[in-house]
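Enquirer: Here you go, one structure.
The values are calculated or read from the model by the stated rules, or taken from the named source; none is laboratory data. Keep in mind the model is a prediction, meaning the values are calculated, not measured.
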Amino acid sequence: YSLVHGLRAMRPRYNFAGRALPFLAMVGMGSWGLSQFLKTPTRLKDEQRRRKQQGREKFDLQLEHERLQAQLKHEAEHYENVRVPGPRPEGRRPTD
């Protein structure tokens, strides 16, 4: 007991700088690293959104209306009524 007690007495006592500063430094670096890690996906999404918007022209309601009208006119001109194949019910009479 006296030998162990004597070795403990000879061991230098750690003060605030020896115990708390390394802990606080690790907490600070971990916090900073985690914040950088979590910012990365948001930063990448923002850059992609910016790149997309640079090549895009401004929305014009009149141009969009004209484009849709032309598309509908084309579809109406080339419309074809097509019979959908399927089983014929028993007792059905043709309407022709």
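Enquirer: For the stretch 55-95, which positions are under 41 Å from the mean Cα position of the chain (by Cα), among the charged types (D, E, K, R) and in a helix (DSSP H, G or I)?
Expert: Passing the criteria: 64, 66, 67, 73, 75.
Enquirer: Looking only at the stretch 7-19, decide whether some residue is at pLDDT 80 or above and of a type in the set (Gly, Ala, Ser).
Expert: No, the conditions are met nowhere in the stretch 7-19.
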